[in-house]
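Down below is the structure, laid out as structure tokens.
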Amino acid sequence: MVHHLEHLTFRFHVRLLTVTFQPRAVTGELPNNYPFIVQRGYIIDTVSQWDDPTKTLFDFTVKKLKEVTSSVVDTHFELCSRQSETASFVSRTLLQRIRLVKQRASLAGTSS
């Protein structure tokens, strides 16, 4: 039903435009003014073409957002892992030194 109405509307547009643009035709429209049905047709024709470009733009934006977000997250956690590795190394070194000091203290206490 909708397709049929669109087809009739299109046929009406063509007839109206043919009548409007004939040099000798007389219409009730003001100069440089298009009837509402013609304006509506232009709007519908233009908006109906937005679907594919809109989907393409959306998909592109989502892809770029994922890339940027992934990069930021990877960079952040890479720094955290480096800091974690450094902290782990420092804590291991400190624990080894504490054990060494304890061993020396226990050896010094037994030898006295």
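Rule-based calculations on the coordinates, nothing more; no lab input. Keep in mind that this is a model prediction, so the values were computed, not measured. Every residue, glycine as well, gets a Cβ built from its backbone with ideal geometry; the counts of neighbours run over all protein chains shown.
Each residue, Thr61 and Tyr42, gets one label point 7 Å from its Cα in the Cβ direction; the gap between the two is 2.7 nm.
Equivalent ellipsoid of the range 52-112: semi-axes from √(5λ) of the C-alpha gyration tensor, largest first, are 58, 5, 4 Å.
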